[in-house]
Amino acid sequence: MVGRKGKKRIGESQGRKRYLYAVLYAIVLGFSVAAGSNIVFGGDVSLSYTENYMKPFGITSLLMFAAVSAASFAGIQVLLRFYGRLRLLFVYPAQGNLQRGISKQEIAQKGSSIRVELQQAVSQPKDGVFGKRRGFLLVLLLLLVSWLPYLLSFAPGSVLDDSLASITPWANGTPLTNHHPVVYSLLVGGFVSLSKILPLSLNAAVLLYSLVQSVCLAGTLAAMFCRLQRAGVRRWVLAAGIGYAMIVPYFPAYAMILWKDPLYSCALLWLSLLLFDAVRKEEVLSDRAWQIKWFLALLGTAFLRNNGAFCLLFMAAALLLSGQRKRFFYTACMTVIVALLFFTVQHTVYPLCHIADTEYTEKIGIPLQQLAATVAYEGKMGEEEREFLLKIMPEQEWKERYAPCLADKIKWTDGANMEYISQNKRSFWKVWGNLLLKNPAIYLRAYGMDTFGFWVPGVQNRYGYVDLYITENNLGLHQTDLIQKLFGSTIRPLLKKRMIWIGSGTLLWMTLGGMLLDILCREGSGSKISGREGSGSKIPGSKISGREGSGSKISGGEGEKGGKGDWIIYLPALGNALTVLLATPVAFSLRYVYVFAIGLPLYVLLPFLREGE
């Protein structure tokens, strides 16, 4: 009797926790939508604060907040109610498990909805297209062929200002800096060197880079789809996921662009895939091959973007604070070691090699935006703070340069004394903190305007989304339409016009929604699936029942939904998003959070996957 009461209290505690998670998600989503509706955006991130601004909150905002929050919470409850059916829709049940949880009497009832469920409960087809290595190669080739029209139309690929900064040290001998990660510049330098060693033009070297990057991106996606297949995802769902990667333009466009972000995002997704393997098979963590892959993915994350090491520290902290800290202790320690290795190289090896560090102002874009907003909106300011700001640039210059959605107009102002900030960092943060206390509303508004593209669902902009051009340069880099040369006609206008908008904020909330559903369905007592027949575990919303009035009772033998901890698979993507929200220089740029785009099938389907392979 006492044991039953204890279990009841635990169940009630878990129920309250799940309820709290759902309420929190709904409230934050409602606030994001309401705040986003108050933002007036003129269509260009470089516009001034008179054209891009946030309106005051009013009754309409409050009503929208309440409506969206209520609708979100209700939607979560509906998903939980019909979770069992949704899972059967997306994932093959493990062979035999469904039948073991249903009594013969129920099956015999005519017209029972159980018959429909049982007809769907067939075993997963053996030796499917993904079941062998040829399946991986098939997906790889499908993606590469579907992306080929972009590469042929815009050969050798897209090269923007950031790309040129990684090329010029090897083409013109300009000094190498860590403004753009040194390791990535070294990688680009290897391809540029080929144009000097072999009888290749610089355009041919860039084309070769585009091909290699395309294979890396397609291979990462193929590895993800193979894992989803082994986790029991139905064929039509896999086909839809592969179609998504073949059709949406930001896949072929990013495959052929000379940016660090696609490869960095692949490294992040590999971290998620390796955590996926570790959660599903406990013995994987001690496997030497898994450890080597994990180490390589950590190196790629840390050294391909300057925020990567901070993302790793976030991941390690989350792993150590999770309920599986003992199991992942070694993994977290390795993650911290790689992050510390990056900081050591950055602050010791690079200076010895005369490689300049990233400019200090590059790291404080959002604080600079908040100071500029305080000047522009004539916030409260003491003489000491005003004197400090005027030493950087005149008051009128602050106002003219302040673009709420783009920090670069402040950071790279000609004639501004940005070196003064680097020489007086402590004074800068003192002034920033003092003005924060005096103008919290202005600071919040400035932060919201500089980041809203990353957290407001449904908004998007061309800036940093899909770019299909080469910046004017003196290196001889130019695009050639190979399709026009081969066939006499061009499809360039069609490809440029073709756009499928999925904004960063939308991808964030879809990922968070997948994580929430995964936590609610896997950790709650009402959704846990037992490994023993007759344990009384339930799946919310299923009509299949071992008892009258209960939820579905499905035996959780090998192949069924597993234990807790799947949420750690989301950590690499969410850690990256957190670092971006702390330091982004612009309100829109899908490339900063591109891992959300390429990992979307995994992050959305994860709540429905079974444990065994």
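For M54, the amide hydrogen comes within under 5 Å of the amide hydrogens of V40, counting only partners 5 or more places away or on other chains and with H modelled in the peptide plane. When you count the other C-beta atoms within 10 angstrom of each residue and take the mean per peptide, 29-35, 565-571, 291-297, 490-496 line up highest first as 565-571, 29-35, 291-297, 490-496. Would you mind classifying segment 437-509 by shape? Square roots of the alpha carbon gyration tensor eigenvalues, ordered a ≥ b ≥ c; an a/c under 1.5 is rounded, otherwise it is prolate if a/b is larger than b/c and oblate if not. In terms of gyration-tensor shape, oblate. Put a dot 7 Å past the Cα of F57, heading toward its Cβ, do the same for C333, and the two dots end up 4.6 nm apart. Peptide packing for 71-82, 578-589 was compared via the average number of neighbouring C-beta atoms within 10 Å per residue; ordered from the highest value, the list is 578-589, 71-82.
Label-to-label distance, E419 versus L138, with points set 7 angstrom from Cα along the beta-carbon direction: 6.3 nm. Here the gap between F487 and L390, fully extended at 0.36 nm per residue and compared with their Cα-Cα distance, gives a gain of 28.9 nm.
Is the shape of segment 360-455 best called rounded, prolate or oblate, per the rule: a/c under 1.5 gives rounded, else a/b larger than b/c gives prolate, else oblate, with a ≥ b ≥ c the square roots of the Cα gyration tensor eigenvalues? Rounded. Packing-based ranking of 341-353, 138-150, 363-375 yields 363-375, 138-150, 341-353, ordered from highest to lowest mean Cβ neighbour count within 10 Å. Would you mind checking segment 458-487 for residues with the amide N under 19 Å from a putative spin-label position 7 Å along Cα→C-beta of K196? Counting backbone N atoms under 19 Å from the label point, the list is 474-477. In whole Å, what is the distance between the alpha-carbon centres of segment 310-358 and segment 395-469? Each part reduced to its Cα centre gives a spacing of 28 Å. Which entries of K196/K260; K55/K260; K260/K293 show an alpha-carbon separation above 28 angstrom in the structure shown? Long pairs (Cα-Cα over 28 Å): K55/K260.
We did not get these values from a lab; they are worked out from the coordinates using the rules stated. From a predicted model like this one, the values you see are computed outputs, not experimental measurements. FYI the Cβ positions are ideal-geometry reconstructions off the backbone, even for glycines, and counts take in every protein chain you see.
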